Structures are given as structure tokens and as C-alpha cells.
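A short reminder: the numbers here are calculations on the coordinates, not readings from a lab. Since this is a predicted model, take the numbers as computed values, not measurements. Reconstructed Cβ throughout: ideal geometry from the backbone, glycine too, with neighbour counts over all protein chains shown.
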Ligand SMILES: [Mg+2]
């Protein structure tokens, strides 16, 4: 970790005053777990489940996962078997359109009926014709993946996907979401709106951090950077890129170090409280 990164982290953790219950928001794919072509095999990096379990058991952090996946996919991947994380975690799915509370309640944002119809027609078409890519069928979106394909094939799939998605994306309520190795045509809230909702539920001044890797996480970084309370936006990625995030860390060592420091910052805060 660079000296500057260490300093940014120290400054952030110094805002954990006695009694604070910070909010820790984490993306899943590419952030906690390395990329896998078979998405059902994307398990967290070594030691990450244990680090998260420690933070949860410490009982001072509100930890929430915000993912592009349907929310229900996260629990089994994150927990491990037998479970290392033994408590249910709140998950926001579909880039913020879906909310799965820790107690199992689920909320899904609804699209206008005409828009939903067009989207459903497109999903039906793609179920039979995947354009040579990997089609992911979501209730609020059609997603085409080409990561892992050869550059030539990827270019071809992207071209065909854009031809199909772009005209429909101009319809009311629909938007295109570009991510690394794919394109999503979707309706609903983005990760930035999810973050604003979560922060709004916490007492004013609650420190909040968001960790993500993809271009879709930029909406989250931007939303976080506008919060008046102490905040930290972290780009977790093998290589740096142009980003709105305050800090760049490289996984998995940067991730493990970050989680460890988070836990320790709250331990120290507890000790200070006892002394005082
Ligand atoms: Mg990601």
C-alpha cells in the first residue's frame, strides 16, 4: 500500500469516534470475489469470508452488499459451506433495483408496464438467440456478457448487442449500463440511488464506505462523495483507472488489509471508550 493510501485510510478511520456504527457497503463480483467465466463459481478471495465474519461479530458495523446480480445469489456464494459467515446479510441486487433485507423481506422496483413489455420481449428473444455471448436474464434487465471471449469474438458480440439494445434503450425508463465485458439494458435505480437510500436511514454523521471494481460502481462513488458525513470510496481493482473513488487498492491483499484495518479501527475505538 502506498504512503498516500495509508494516510487516506488513517484519516477515514480517525472519524470512528466512540459510539459510531459505520456503514460498510461492498460490491461482490470483482471486489470480494475474482472474476470467473462460470459466475456460479465466483467465491470470495481467501480470508475474505473470515474477515467479514469478524466485522459482523464485532457488532458495530452495518454491512450491506450491493451487487448487479439478483440478490439471492449472494448469500450462498458469500457464506461458504459450512458457513463461515453465519448471520444473514442485507443485499441490494440488480444494481439497486432489488432489496433483500436480512430478515428475508424482498422489495423489487416496478417498471412502467409498456417498458416492461418491451424488455420482456427482448429477454424472450435472447433466450433463444444469445448473439454468441452469454445471456443473463434478469427480471429488470437483459444482460449480454462477452468477457472471456477472444477480442475478435467479443467485438462481434458487442456490435450485435448494441444494434439490438440501443434503439430500445431510448424508451422511457430504460437505460444502458456498460460494464467490463458486457452491456446491460435495464430499468430501475442505480447503485448511487441505493447508497443515498441507505445513508438516509442512518443517523446524520455516520461514516460510510463503499468498495467496488467496475465502471458501474462509479455511480456509487459519485453518490458517496456527495455525502456530508465522513465517507470513503474505494476502487478495488488490479490496475488503476480514471475514477471518482478516493482510493485505489489492489485485490486481494489490499482488500484483506482494508477489512483488517476496519475491524481494528473499531477495536481501538472500543478500548478508548473503556479508558475514558
Ligand atoms: Mg463488481
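What's the FRET efficiency of residue 168 with residue 260 using the Cβ-Cβ distance as r and R₀ = 51 Å, to the nearest 0.05?
In this case the efficiency is close to 0.65.
Grab the DSSP H runs of the chain that are 4 residues or longer, score each as -39,500 (n - 2.57), total them, divide by all residues and round the 222 nm result to the nearest 500 deg cm²/dmol.
Value at 222 nm, helices only: -12000 deg cm²/dmol.
Once you order the gyration tensor axes a ≥ b ≥ c over the Cα atoms, which shape class does region 183-276 get: rounded for a/c under 1.5, otherwise prolate or oblate by comparing a/b with b/c?
It is oblate, given that a/c is not under 1.5 and a/b is not larger than b/c.
For region 176-240 and region 1-29, what is the centre-to-centre distance using only Cα atoms, to the nearest Å?
Taking the Cα centre of each part, region 176-240 and region 1-29 sit 15 Å apart.
Cα gyration tensor of region 77-166, axes a ≥ b ≥ c as square roots of the eigenvalues: rounded (a/c below 1.5), prolate (a/b > b/c) or oblate? Walk me through the numbers before you get to the answer.
Numbers: a/c = 3.25, a/b = 1.46, b/c = 2.22.
Note, shape of region 77-166 comes out oblate.
Sequence gap at least 6, Cα distance under 8 Å: using those rules, report the relative contact order of the chain to the nearest whole percent.
With pairs under 8 Å counted, the relative contact order is 21 percent.
Given a Förster distance of 45 angstrom, what is the FRET efficiency for residue 180 paired with residue 105, based on the Cβ-Cβ distance and rounded to 0.05?
Computed FRET efficiency for residue 180 and residue 105 comes out at 0.90.
Treating each Cα of region 113-187 as an identical point scatterer and ignoring solvent, apply the Debye formula and state log10 I(q)/I(0) at q = 0.12, 0.13, 0.19 Å⁻¹.
Cα-only, vacuum Debye calculation for region 113-187: -0.28, -0.33, -0.69.
Mind checking the angle between helix 253-275 and the chain's longest principal axis? C-alpha axes, 0 to 90 degrees, to the nearest 10.
The angle comes out at about 40 degrees.
Show me 185-198, 249-262 ranked by packing, highest mean number of other Cβ atoms within 10 Å first.
185-198, 249-262
Considering only DSSP beta bridges with both partners in the chain, what is the antiparallel share in %, to the nearest 5?
50
Mean separation of Cα pairs under 8 Å and 6+ residues apart, divided by the residue count of region 113-187: what relative contact order is that in percent?
After rounding, I find 30 percent.
Using the alpha-carbon atoms, what tilt in degrees (0 to 90, nearest 10) does helix 48-58 show relative to the longest principal axis of the chain?
For 48-58 against the chain, the angle is about 50 degrees.
Which angle from 0 to 90°, rounded to the nearest 10, does the C-alpha axis of helix 113-128 make with the longest principal axis of the chain?
80
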